[in-house]
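One structure is given below, encoded as structure tokens.
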């Protein structure tokens, strides 16, 4: 309980105890004839009413403080739950996210295009190796062709078409956006990718990966689909 509320309760308890002690002492003392006149009695009654009113106001004030405390406590719990929910949604990739990072642009090798060869797809193995390397280089979040990647994202070939969580990757060029912890990590990632073997592997498939300079404010979209949770059940009340 709030420290101020405890102090208020202590003060009221002392006042009530004091009043009870006075009443007990009055009962013990012999009855003495009251010689006061009517005006003195009226003044005494008025003082008693003022004391009663002051005590009543003090009790009301403490009640209001208690109600406010309970309300603030409830609001703070709800606010904490909301903040926790937003943090979990952000970590799961369900919200748009901004930060420092780089952009990789995958496009056909110009020489092959000039020779008439059409480059229309990218191997899922190439993408997976690149994503694994980005994670090894401490990438925080990744999106491919506008689709946010999360822990359950699957990159695979279906009937000759590369798909990311069911979305077809059929148009080249496309972007791979990568967020890092801060701008310094974005610079490190840029330098690491410049010497990356996975970037060279794209060239073997007639694709070139252009790496942008580190960007301070890069935006990644939120994950578009709903996340399916398997093998989990809500806890029953009472621990049953």
Check your understanding: Of 63, 165, how do they rank once you tally other Cβ atoms within 10 Å and put the fewest first?
Key -> 63, 165
Revision key, fill the gap. If 123, 143, 61 are placed from fewest to most neighbouring beta carbons inside 10 Å, the sequence is 61, 123, 143
Study note, to complete from the structure: For 92-99, 154-161, ranked highest to lowest by mean beta-carbon neighbours within 10 Å, the order is 92-99, 154-161
Point to revise | Length released on extending from residue 123 to residue 60, taking residue separation times 0.36 nm less the Cα-Cα span | key: 15.3 nm
Revision key, fill the gap. Here, segment 97-220 modelled as identical Cα point scatterers in vacuum has Debye log10 I(q)/I(0) at q = 0.17, 0.18 Å⁻¹ of -0.85, -0.94
Study note, to complete from the structure: Going fewest to most other Cβ atoms within 10 Å around each Cβ, 223, 69, 52 line up as 52, 69, 223
Check your understanding: To the nearest 0.05, what FRET efficiency results for residue 44 and residue 68 with a Förster distance of 30 Å applied to their C-beta separation?
Key -> 0.25
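Coordinate-derived values only; no laboratory data. Every value quoted in this text rests on a predicted model; they were computed, and no experiment measured them. Here Cβ is always computed from backbone atoms with ideal geometry, including for glycine, and neighbour counts include all displayed protein chains.
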